[in-house]
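Please treat every number below as a calculation from the coordinates, not as lab data. Nothing here was measured: the structure is a model prediction, and the numbers come from that model. A quick note on method: Cβ atoms are made from the backbone with ideal geometry, for glycine too, and the neighbour counts reach across all protein chains shown.
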Amino acid sequence: MWSEWQTWLSQLQQAASDFTAPLSAAHPLIILPLNILGFWVALKIYRRLGSPLLHPVVGGSLLVFAGLWLLNVDFTGYQRGSGLLYLLLGPAVVALAIPLKQNLTMIRKVGWPLILGLLLGAVLAPLVAVVIALLLGGSKTVLVALTTKSVTTPVALALAQEMHGIQSLAAGVVAFTGIVGAVCGPGLLRRLNITDERVVGFSLGINAHAIGTVRALEISALCGAFSALAMGLCGALTALVLPLLVTS
Amino acid sequence: MAQLKKLPRWLLGAGLLVAFDLTGRTLTSALSLPVPGPVLGMLLLLLALMLYGRVPRGLAEVAEQLLRYLVLILLPATVGIYFLRDLAINDWIALAVAMVVGTLISFTLTALLLNHLIRRRSNPQGEDTNVE
C-alpha cells in the first residue's frame, strides 16, 4: 500500500543526493541550468518569431541536445542530472485538473454535440495514425508511440510508461503532431469554410493538444478556452481507455 | 513581506498536487488499474474541486506556475528522441507519414463533424453562432 510513497521518497532522496556528488559534466548543477537556459532561449526565439514550427518543445530540446553534445554527456547521465524535473511530472499532470475545472461550465452551454465530437475525435486521431503506420509496416514500438499522439505530453508520458512504450518517442510524436495540427489546421478549416471559433478551438485541442491551444489562443480567447477544454477532456478520456485496449 | 504571506497558501497548493499525485499512484497500484497514477490523481482532484465548488487560491496559483513551465518540465523526456538510434528506416517513414497525413485527416473529420452537430442544434432555434 505504501510502496508508491516509498518509491517517491527514494526518488526525492536520489535527486537530493545527486547534488552532493562530485562535480562533473552530468552534475545536476550543470544539467539543470542547461535545461533552464535551453527552455528560456527557445521561449525568447518563439515569442519573437511566433512560428509554431519553433515551439519551445522543438527549440528547447534541440538546444539542450546541442549542449549535451558539447559537454559530451550521454542520455543516462542527462536523465540523472534532470532528476528534479522528473519529480515534477506527476504534480504537473495533476495540475491539469485546474484549467479543466475552470472551463467545465462551458461544456454545458454547447452540450451533447461537444461530447459526441470529443468521443469521436479522441478515437479517430490515434486510430487514423495507427492504421496508416500499420499499412506502411511500422513496428509495434511505433504503433504504441502513435496511440498517444493527440494527448498532451505529460499524460502521453505517463501512458507510454504504463504501456511499456518508449517515453521519448511518445514525446517526440506528440510534439510533432501538435506542430502539424497547429501549423496546418486553422488554414485547412478556413478552406473548408469552417469559421466557428468554437469548432476550430475544439479541433485544435483534440488533435494538437497544448501546441494547438497556444495557436488557438492567438485566434481568440473563446477559441483558446475550447481548445484547453478539448485537450483536457481528450487527455483524460484517452488515459482511461487506451491502456485497456493496448494491454488486452 | 507580501511574498511571505503567500507562502502558506502556496505550500498548501503544492502539497495538494503532490498528495493527489501520490493518492492516484497508490490507488492504481493497489487496485492494479491500467490507468496512469497521475492521471487518476488529476481526475480525483477534478472531482474534489467540483464537489468543493471553487478552486482554492493557492492551488490555482501553484498550478498556473507549474503549467507555465510545463515545457521545461517535459524537456528531459523530449530530448530523448535524439538518442533513439535503434529504429529502422521503415519505422521512421511509417511514423512521419502517419503523423502528418493522420493528423490532417483526423483534424478535418473532427471539425466537419463538430461543425455539423453544432449547426444542426442551433439552427432550428434560430440562434446565432455569436456569443451574445
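Taking a ≥ b ≥ c as the square roots of the eigenvalues of the Cα gyration tensor of chain B, is the shape rounded (a/c under 1.5), prolate (a/b larger than b/c) or oblate? Here chain B falls in the oblate category. Of all complete DSSP H helices in chain A, those with a Cα span along the helix axis of 18 Å or greater and a mean Kyte-Doolittle hydropathy of 0.5 or more are A:28-49, A:56-71, A:83-95, A:112-135, A:167-191, A:221-247.
Positive end of the dipole of chain B (Cβ unit charges, origin at the Cα centre): among B:8, B:88, B:23, the Cα lying farthest that way belongs to B:8. Every Cα-Cα pair of region A:110-149 was included, and the share exceeding 14 Å stands at 50 percent. Ranking of A:174, A:183, A:241 by neighbouring Cβ atoms within 10 Å, starting from the fewest: A:241, A:183, A:174.
Each peptide among A:121-134, A:141-154 gets the average number of other Cβ atoms lying within 10 Å of its residues, and from highest to lowest they stand as A:141-154, A:121-134. Once the gyration tensor of the Cα atoms in chain A is diagonalised, the equivalent ellipsoid follows with semi-axes of 32, 21, 19 Å, ordered largest first.
Sorted largest first, the principal axis extents computed over the alpha-carbon atoms of region A:3-90 equal 45, 29, 16 Å.
Provide A:209, A:164, B:116, A:27 in ascending order of the number of other Cβ atoms located within 10 Å of each residue's Cβ, fewest first. Spell out each step's value before the answer.
Values: A:209 31, A:164 10, B:116 14, A:27 18.
Going from least to most buried by this count: A:164, B:116, A:27, A:209.
Ignoring lysines fewer than eight residues from residue A:140 along the same chain, the ones with Cα atoms less than 25 angstrom from its Cα are A:149. Computed log10 I(q)/I(0) for region B:22-82 at 0.25 Å⁻¹: -1.03, from the Debye equation with unit scatterers placed on every C-alpha and solvent omitted. Using a Gaussian network model of chain B whose springs link C-alpha atoms within less than 10 Å, name the residue from B:26, B:110, B:78 with the highest mean-square fluctuation. Of B:26, B:110, B:78, the Gaussian network model singles out B:110 as fluctuating most.
Per-residue Cβ counts within 10 Å, from other chains only, averaged over A:213-223: what number is that?
Working: counts 0, 0, 0, 0, 0, 0, 0, 0, 0, 2, 0.
Average neighbour count from other chains, rounded to a whole number: 0.
Among the trypsin sites (Lys or Arg not before Pro) within region B:1-92, those in coil by DSSP and having at most 11 neighbouring Cβ atoms inside 10 Å are B:54, B:85.
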